[in-house]
């Protein structure tokens, strides 16, 4: 089978990513420690786990027969070394990974060759979410990060061009998968039409509206990623909860999804997607588009100053179009808006991290862990890198309770309360969750797409 992806790469072990192309390859060649499925955790490289009643001690068992593609058994020391590497590394913007903060007090040891033990001074049930983002790999003799324990071994790899994966004996799936790199969605679709590729991913990035030609099989899934605007809660207009709620009422998210995304997006209702832990129980609808209510809320605050709305040219995709759409919506309720465009995307991220964001700045929130988003972006206690000054005592108390919940039902209920409060008193301007699209030749079975945007091949 030949698949065409936006990118063909196997990142170093210390690099965590939400790139759907990279995750597609990782899921074939590597295994996550645990598998995340719509907020909950399933076995993966760890086949089972147990914890103390207070959630401070955790014991994870490696599945029987876990062997790297060079024949080396996967043992606890391999996993600990992998985790240590991530905790010491920095991301693509030169910032320390948040995992180092989450696990700064944790003691991670090998209880046995096949058992990893985690001990923490406080309950740490969210270790399950964290471990679901770690895909265990090693470097091969040539220094390439391609040795995993997954269903496919990497037989050939030209970074950013092409990879060949061969099925490990005894597992299901095509004998051989060839992954081709093609940056442009329309060109990937052309590869499918011409027969160069059997399946192609991320067609939602096409320039125009997709035709969904019934000569092919199609799959769609709403992504867990949230496209939103950080609002400057430290100074200016958006220190006011009324102003933050007002701009959420001012923007017609459904129209944005329809006009800018050609229908391939769904409106957001809080800080996370419909598939994050807590959302099913919270059962929230998007904040209503209501211009009159927005105006009434703004009547309570000083709106004389010009709003500085900042945007990059990409990441999120269509950022300039969304920014002009939002600027028009805010001006329609009486605000004065100046759109500022930053051409250097990495520098834009660093500016946001330094709190140099103007009054509002478009961004995307990618972690599929509710815990991570609350910890990194909302909590006024942690005041982490992406926090923009939001300080709400009720929210903070709810976060603390969620952090101390241990079993799934308690965690779900606690996070539902957090998400409901953040719907009522939003820290951001909520926009949309993009819909990811793949297409394939008819007659090929076992193709599907998940809410992380990964193309799954069975």
Of all residues in segment 27-39, how many are more than 10 Å from residue 132 (Cα to Cα) and within 15 Å of the chain's Cα centre (by Cα)? 2
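For (1) surrounded by fewer than 21 Cβ atoms within 10 Å (Cβ to Cβ); (2) assigned by TED's automatic domain parsing to the domain that holds residue 308, each residue gets a yes or a no:
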| position | (1), (2) |
| --- | --- |
| 181 | yes, no |
| 188 | no, no |
| 196 | yes, no |
| 207 | yes, no |
| 216 | yes, no |
| 239 | yes, yes |
| 243 | no, yes |
| 247 | no, yes |
| 267 | yes, yes |
Complete set of residues in segment 429-458 that are in contact (Cβ under 8 Å) with a residue 12 or more places away in the chain, more than 18 Å from residue 264 (Cβ to Cβ) and in contact with a strand residue (DSSP E or B) (Cβ under 9 Å, 6 or more places away or on another chain): 429, 441, 442, 444, 446, 447, 456, 457, 458
Consider segment 168-179. How many of its residues are surrounded by 13 or more Cβ atoms within 10 Å (Cβ to Cβ) and either assigned to a helix (DSSP H, G or I) or at negative phi (or both)? 6
Does residue 112 fit the bill of being over 16 Å from residue 371 (Cα atoms), exposed (fewer than 15 other Cβ atoms within 10 Å of the Cβ), without any contact (Cβ under 8 Å) to a residue 60 or more places away in the chain and out of contact with any strand residue (DSSP E or B) (no Cβ under 8 Å at 6 or more places or on another chain)? yes
Let me spell it out: the conditions are (1) in contact (Cβ under 8 Å) with a residue 60 or more places away in the chain; (2) closer than 27 Å to residue 255 by Cα, and residue 331 meets all of them except one. Which number is the exception? (1)
Matching option when the condition is under 24 Å from residue 310 (Cα atoms) and either assigned by TED's automatic domain parsing to the domain that holds residue 198 or modelled with pLDDT of 95 or more (or both), among 369, 448, 379: 379
For segment 71-89, what are the residues that are over 27 Å from the mean Cα position of the chain (by Cα), surrounded by 12 or more Cβ atoms within 10 Å (Cβ to Cβ) and farther than 14 Å from residue 116 by Cα? 72, 73
Residues that are part of a loop (DSSP other than H, G, I, E, B) and in contact (Cβ under 8 Å) with a residue 60 or more places away in the chain, drawn from segment 80-109: 89, 91, 92, 93, 94, 95, 97, 98
Unmet criterion (only one of (1) under 21 Å from the mean Cα position of the chain (by Cα); (2) surrounded by 16 or more Cβ atoms within 10 Å (Cβ to Cβ); (3) outside any strand (DSSP E or B)) for residue 361: (3)
Go through (1) under 26 Å from residue 247 (Cβ atoms); (2) not in a helix (DSSP H, G or I) and name the single condition residue 394 misses. (2)
In this structure, is residue 121 surrounded by fewer than 15 Cβ atoms within 10 Å (Cβ to Cβ) and at pLDDT 95 or above? yes
Could you check residue 121 against (1) touching a residue at least 24 places away in the same chain (Cβ under 8 Å); (2) outside any loop (DSSP other than H, G, I, E, B) and say which number it fails? (2)
Conditions (1) touching a residue at least 40 places away in the same chain (Cβ under 8 Å); (2) assigned to a helix (DSSP H, G or I): number failed by residue 77: (1)
If you check 452, 400, which single one turns out to be crowded, with 19+ Cβ neighbours inside 10 Å and within 25 Å of residue 353 (Cα to Cα)? 452
Given the residues 254, 243, 190, which is the only one that is part of a helix (DSSP H, G or I), free of Cβ contacts under 8 Å to residues at least 40 places away in the same chain and closer than 30 Å to residue 290 by Cβ? 254
The one condition in (1) without any contact (Cβ under 8 Å) to a residue 60 or more places away in the chain; (2) surrounded by 23 or more Cβ atoms within 10 Å (Cβ to Cβ); (3) touching a strand residue (DSSP E or B) at 6+ places or on another chain (Cβ under 8 Å) that residue 298 fails to fulfil: (3)
If a residue has to be in contact (Cβ under 8 Å) with a residue 60 or more places away in the chain, more than 18 Å from residue 257 (Cα to Cα) and part of a loop (DSSP other than H, G, I, E, B) to count, how many in segment 193-212 make the cut? 3
Report yes if some residue within segment 218-235 is surrounded by 18 or more Cβ atoms within 10 Å (Cβ to Cβ), touching a helix residue (DSSP H, G or I) at 6+ places or on another chain (Cβ under 9 Å) and assigned to a helix (DSSP H, G or I); otherwise report no. no
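The values are calculated or read from the model by the stated rules, or taken from the named source; none is laboratory data. Every value quoted in this text rests on a predicted model; they were computed, and no experiment measured them. Reconstructed Cβ throughout: ideal geometry from the backbone, glycine too, with neighbour counts over all protein chains shown.
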